[in-house]
1. Within the chain, which complete DSSP H helices have Cα atoms spanning at least 27 Å along the helix axis and a mean Kyte-Doolittle hydropathy of 0.0 or higher?
2. Relative contact order of the chain: what whole-number percent is it, with Cα pairs under 8 angstrom and at least 6 residues apart?
3. Taking the chain, how much of its Cα-Cα pair set, in percent, is spaced more than 28 angstrom apart?
4. So for Cys149, Cys105, fewest C-beta neighbours within 10 Å to most, what's the order?
5. With 10 angstrom as the radius, rank His143, His92 by how many other C-beta atoms surround their C-beta, starting from the fewest.
6. Within a 10 angstrom radius of the beta carbon, how do Met156, Met66 rank from fewest other beta carbons to most?
Amino acid sequence: MNAVKRLWNNELPGFGSVDAMNELIGALIMGLWNRLGQHQNRNAPFRLLRTEVPATRTGLSKLALMRRQEIDGFVEGLFDTQEVLELPERAHRALTALSEMRAICVAVVKLAEDETKPAAAHDIQTTLRNMREVTKTAEREIHAVVLACARARRQMLESLPANRPTLH
């Protein structure tokens, strides 16, 4: 419930009824959480939002901003309220790659919004193609984090000691 509250600055929004509240929580938990759980399977990779983008400064800026926000959201969700996590090496490498892609997105937004910089149609098209590659790479790296963490968690759970039960 705390994770849901954080979506609204640590205060749940007002609901007209208990049913309305249950509907929202159900949609978040059953819809979002369960879909995220599916990505722990190697054959169900994570996909970022696909959208048609006009080959303009504004379109490029919006796409780069959206990708940056998606990366930020993934990292925020992974770390939750923690500042430091012990992660598997593969997840650590993937997060490093994601931080580099985030920096690229920030730079693209800044450049696209700077009207003092020239932006030929060909340059915008090329940058959009490059952003599609950033998208594919970000998806692979996000999926790598999810798989590495799921594998580490399974291994940790498998190695927990079990006490012999008392039989009555």
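1. Length and hydropathy pass: 89-113.
2. 32
3. Above the 28 Å cut-off, the chain has 41 percent of its Cα pairs.
4. Arranged by neighbour count, lowest to highest, Cys149, Cys105 become Cys149, Cys105.
5. In order of increasing Cβ crowding within 10 Å: His92, His143.
6. If I rank by nearby Cβ atoms, fewest first, I get Met156, Met66.
Only the coordinates and a few stated rules stand behind these numbers; no lab work does. In this text, all values refer to a predicted model and were calculated from it rather than measured experimentally. Because the Cβ atoms are built from the backbone with ideal geometry, glycine has one as well, and the counts that use them run over all protein chains shown.
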